[in-house]
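Engineer: Pasting a structure here, questions to come.
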Amino acid sequence: MTISFFIIAAITIVGTAAAMSLKNLVHCVLSLTLGLVGLALLFLLLGAQFVGFTQILVYVGAVAILAVFAIMMTRSAEPMTNLPPASFRLSGVLIAATVFAVLAWAISSATRSLPSQSSQPEVSVNQIGVALMHQFVLPLEVIGVLLTAALVGAAILAMDETGASR
Amino acid sequence: MNWIVRNLWLVPVLPVLAAGISALAKRKSRVLAASLAIGSMSLSFLLSVWAFAHVLALRNSGQPSLQVFNFRWFQFGNEWLSLGWMLDPLTAVMLVMVTFVGLLIFIYSVGYMEHDDNFMRFFCFLALFAGAMLGVIISNNLLLLFMCWEIVGLTSYLLIGFWFSNPKAAAAGKKAFIVTRIGDVLFFLGIVWLYAQSGTLLFYDNGAGFLEHSAISHLLTQTTTTGICVATGIALLIFCGAVGKSGQFPLHVWLPDAMEGPTPVSALIHAATMVAAGVFLVARVYPLMSAHTGLADVITTSTALQAVTWVGSFTALFGAVIAVAQYDIKRILAYSTVSQLGYMMMGLGVGGVSVGMFHLITHAFFKSLLFLGAGSVIHGCSGEQDIRKMGGLGKLMPVTFVTYAIGMLALCGFPLFFSGFWSKDEILHAAHTWNISQAPFYMGAFAALLTAFYMSRQVFYVFAGTSRLAEEHHDHAHAADTSSHHGSGSPHESPAVMTVPLMILSAFALLLGFLGTPAWPWFQSFLEDAPVSVNFGAFLTGGMLPVMLSSSVIVLLGLTLGWWFFGRKPIESADAPDNFGKLSPSIFTALGNALYFDAIYGATFVKLTTLLSRISDWLDRWVWNGAVQTVTYTVLGFAHLDNFLDTNVVNSGFDEGCDTVSRSGKLLSMLQAGRIQGYLKIVAGALVVFTIFLLWKAKI
Amino acid sequence: MSPLSGYLLLSALLFSIGLAGALTRRNAILVLIGIELMLNAANLNFIAFWRYGPNPAALTGVMFTIFSISVAAAEAAVGLSIILAVYRHSKSINLDAMNSMKG
């Protein structure tokens, strides 16, 4: 447990918590980006450089931009006026807190049996590439098909159904 | 083995592939369909020429020119079904002919079908036809041949009925399909019998094929209970298939009706290639056809070949007689095709493969030329097909007229310069020297006279005199062919895409005959693997010169008669009676109605079938239906009993159960608030509960 | 407290924050973002277990995370385009307005 872990964890938590609670949706996405960068830094800290950079590329680079686009296109950038009732929000937060409590209990009760090896594993992009092309080649292909299908599906869904309206 | 032999399958597969691709393409992609069909056909043509050159090279180096490639298809029981293809002179000649004529007709069709909405479909079918026809030619297995044969029949049906919104075309398609089916059923019986007897359907298989010596001699030793030799029986059954496909008497009735299809189809399928498939089949199984039990040195003709000769010569005469009294430009050509196919059969019967095949090849060129010329005339006259309403087209459509005249003279067998003369003369000469009877020779000679007569009648009607194309006919011209209507009223010459194929074909109609003159019988010796040399003395031996002279006289007499009746003074009016028909109107009307064969078949076979169906209808209605009704009423009785029990005993209990289910459903539906977050909350709650449950279990 | 349990607790906290967002917000885009956060928390779990697990050379955790990121990206793209389609349909992406599936 290093000091850097705590600093990055704090950034991540603040970013994500703000993303989930701010009123202006654009602000939400910006703070989400901060949280995701924190998460990527955590991956780097854990020695998974490739995953960390992928995280930055995919989430910070693509998903966040996509979300901003969606916000712009659905004209929900201005703050919401009719907020849900307080009881609704309270019940949601309460349930989430309960979930966290139960999970934390589970983790703390399992701490003794958890492994605590700390030697930094070496993993190069080369190794990942070889593994992707040998052991994991079938999942890789499936992911490729899935991404293609998602691309086509997203394009079709977002297409204007009434083509004549243009 | 040579590359071309191993890959001969490409020749039929390319057009089939083109058909498949254009079947999947968009309906409007005309250029794609046409270029696919024409491109694949050109490639097939090049491959065919290559195959032809290969056979030629083999022959020149003195090797056997027959090459086969067999492979195993599938196993049933302990036996393997082998398929394969072969390359021999017969195949090579047919390949080149079909691909070349086919290619020209494809190109012509681009012009002819230009205004048709179903351009795509037309080329798709046409390419499929070409592929199947090439399959018939190369297959080395009677079963494979039969399959391609049936696909050819199917495409013929599809293309005759191409303008299916015209009920006549639809009926003609059905008629062609059913009539040829009669022949094909017998053909298939022959195949089954052959397989049962010889255990193989391969033509050639290194001595094990059924056309090779051991199998044939085995078949000859067997006789059926009625005393017919098995080989003869099988040969006759296979010949039945050829009769159906090649429009021989008595199964000729479909061919004239097939002229309802687009004219390029008539040219390709119903003149040049498909109808010749029957002749080709007989030529292909010629060793089986000609097998006889007599001693080898005694010249005898097998029963099967005698049947072929008689059917052929009768059909030759019969078709020619009927063609004299037809008024539809395409029907004249159709009956002429029937007659010429009869000639080919007769040639096969009396003279062997090369005689019949030579006429097949020359006929393919000049008859497709005639049909395409007729198509050009119809195209130019805005869909008019009645020769009485044409006339004077010689000046308006010069290219069509000249090429048509060449085709007509080739068909008549005008002496020396036209291919039809040499090929027909060959047949007549063979018939003259036939050892069984002289009757086929006289029938053939008389048919030749009639051919010259009806062709000159047609040409005078269409091209001479003044135009009788009345204005009123433009409005209700032939419903189908108006799709090619240009909008201009007066007859006009066709575009170059149509006339250029005509010119190429007419060049071949002129020149092809010189490949098979008696002095230099290159074609015949090519098919028979014999050396060839120039020998002008051949004209003088074996009665060749008298036959040639007499047939020239016959042709000239026919043409003169045609001129006497129709060319001497021009036909003035479209409604005037036929100059020749005036001699005996009743006979002429009978001929005009094709000797009432359709009516006779209608009154006998169709009536019989109708009667049988009536009887089965009656049986169905009263006998089987009675039995079924009895069962029905019994079951109904049970049903009523059941119903009573159901309403009074089962129902009340069931209703109770239903009510419970529906009440609980209402209760549960309250949970389905339609709000996603509500569901999410339930899921999260469930997560908590399950985690606690797991932890609690782990503690214990 | 071992480093692993620290990461696990952080991941549980991120998961709960995502869940809270998904449960309380009415805007469909934010709900989707909340779900993405929950997925990311799971990814953090994978990486942490890979790093401190008995067999880091097997790369299983890394692989799983890579695939999970790809799937999440596909999911985000499809999800956001569904939201666009819904917006076009009902001129709103408020989840309250989407209750036509009410039983």
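Rule-based calculations on the coordinates, nothing more; no lab input. On a predicted model such as this, the values are computed, not experimentally measured, just so you know. Please note: Cβ atoms are built from the backbone with ideal geometry, for glycine as well, and neighbour counts cover all protein chains shown.
Engineer: Lys/Arg Cβ at +1, Asp/Glu Cβ at -1, dipole of the protein assembly as shown taken about the Cα centre: which of B:Gly244, B:Leu545, B:Ala431 is farthest positive-ward?
Structural biologist: Toward the positive end, the furthest listed residue is B:Gly244.
Engineer: Here's something else I'd like to know. Which order do the peptides B:651-658, A:133-140, B:101-108 come out in when sorted by mean C-beta neighbours inside 10 angstrom, highest first?
Structural biologist: Values: B:651-658: 10.1, A:133-140: 13.0, B:101-108: 25.2.
Going from most to least packed, we get B:101-108, A:133-140, B:651-658.
Engineer: Order of A:33-43, B:128-138 by packing, highest average Cβ count within 10 Å first?
Structural biologist: B:128-138, A:33-43
Engineer: Take the alpha-carbon centre of segment C:1-35, take the same for segment B:26-71, and report the distance between them in whole Å.
Structural biologist: Value for the Cα centre distance between the two parts: 70 Å.
Engineer: Pop out the ³J(HN,Hα) list for segment A:10-23 in order, Karplus 6.51 cos²θ - 1.76 cosθ + 1.60 with θ = phi - 60°, rounded to Hz; leave Gly and Pro as x.
Structural biologist: 4, 4, 4, 5, 4, x, 5, 4, 5, 4, 8, 10, 5, 8
Engineer: How far is helix B:676-699 tilted off the main Cα axis of chain B, in degrees rounded to 10, range 0 to 90?
Structural biologist: 60 degrees
Engineer: Could you pull out every residue, at least 5 positions away or on a different chain, whose amide H is within less than 5 Å of the one on B:Asn140? Hs are placed 1.01 Å off N in the peptide plane, and Pro or chain starts have none.
Structural biologist: For B:Asn140, whose amide H was placed from the backbone, the distant partners under 5 Å are B:Gly84, B:Trp85, B:Met86.
Engineer: Could you please state, rounded to a whole Å, how far the C-alpha centre of segment B:239-270 is from the C-alpha centre of segment B:198-233?
Structural biologist: 30 Å
Engineer: Oh, and also: How far, in degrees from 0 to 90, does helix C:60-90 lean away from the longest principal axis of the Cα atoms of chain C, to the nearest 10?
Structural biologist: 10 degrees
Engineer: Ok, one more. Amide H to amide H, which residues 5 or more places from B:Thr223 or on other chains are under 5 Å from it, using H placed in the peptide plane?
Structural biologist: B:Val230
Engineer: If neighbour count is taken as other Cβ atoms inside 10 Å, put B:Val5, B:Val661 in order from fewest to most. Write down the numbers at each step before the final one.
Structural biologist: Working: B:Val5 17, B:Val661 10.
If I rank by nearby Cβ atoms, fewest first, I get B:Val661, B:Val5.
Engineer: Within 10 Å of each residue's Cβ, count the other Cβ atoms and sort C:Glu75, B:Glu79 from fewest upward.
Structural biologist: B:Glu79, C:Glu75
Engineer: Right, next: Given 10 °C and 1.306 mPa s, how large is the Stokes-Einstein diffusion coefficient of the protein assembly as shown in µm²/s, with Rh as the Kirkwood radius over Cα pairs?
Structural biologist: For these conditions, the coefficient is 45 µm²/s.
Engineer: Give, rounded to the nearest 20 debye, the magnitude of the charge dipole that the protein assembly as shown has about its Cα centre when Lys and Arg contribute +1 at Cβ and Asp and Glu contribute -1 at Cβ. Don't skip to the answer; put the middle values down first.
Structural biologist: Values: 46 positive and 43 negative charges, 457 e Å.
Dipole about the Cα centre, nearest 20: 2200 debye.
Engineer: Something else: Compute for segment A:1-79: radius of gyration divided by Kirkwood radius, i.e. Rg/Rh, restricted to C-alpha atoms, rounded to two decimals.
Structural biologist: Expressed as Rg/Rh, it is 1.05.
Engineer: Say the cut-off is 19 Å between C-alpha atoms; which of B:Lys424/B:Lys569; B:Lys168/B:Lys330; B:Lys174/B:Lys389; B:Lys367/B:Lys389; B:Lys168/B:Lys389 go over it?
Structural biologist: The pairs that break the limit, which is 19 Å between Cα atoms, are B:Lys424/B:Lys569; B:Lys174/B:Lys389; B:Lys367/B:Lys389; B:Lys168/B:Lys389.
Engineer: Another question, if that's okay. How tilted is helix C:3-24 with respect to the longest principal axis of chain C? Cα atoms for both, answer in degrees (0 to 90, nearest 10).
Structural biologist: Between helix and principal axis, roughly 0 degrees.
Engineer: Which ³J(HN,Hα) values in Hz, rounded to whole numbers, follow from the phi angles of segment B:188-197 under the Karplus curve 6.51 cos²θ - 1.76 cosθ + 1.60, where θ = phi - 60° and Gly and Pro get x?
Structural biologist: Values per residue, Gly and Pro as x: 5, 4, x, 4, 4, 4, 4, 5, 4, 7 Hz.
Engineer: Per-residue ellipticity at 222 nm for the protein assembly as shown, helices alone: DSSP H runs ≥ 4 residues times -39500 (n - 2.57), over residue total, nearest 500 deg cm²/dmol?
Structural biologist: That calculation yields -22500 deg cm²/dmol at 222 nm.
Engineer: Kindly put B:Tyr633, C:Tyr7, B:Tyr204 in sequence by how many other C-beta atoms sit within 10 Å of each C-beta, fewest to most.
Structural biologist: On the way: B:Tyr633 10, C:Tyr7 24, B:Tyr204 20.
Placing the least packed residue first, the sequence is B:Tyr633, B:Tyr204, C:Tyr7.
Engineer: Using modelled backbone amide H atoms (1.01 Å from N, in-plane), which distant-in-sequence or interchain residues come within less than 5 Å of B:Trp520's amide H?
Structural biologist: Hits under the 5 Å cutoff: B:Asn535.
Engineer: Let me ask something else. Ordered by residue, what ³J(HN,Hα) values in Hz, to whole numbers, does segment B:204-220 give under the Karplus form 6.51 cos²θ - 1.76 cosθ + 1.60, where θ = phi - 60° and Gly and Pro are x?
Structural biologist: Once θ is set to phi - 60°, the couplings for segment B:204-220 become 10, 8, 6, x, 9, x, 7, 8, 9, 4, 5, 5, 5, 5, 5, 5, 6 Hz.
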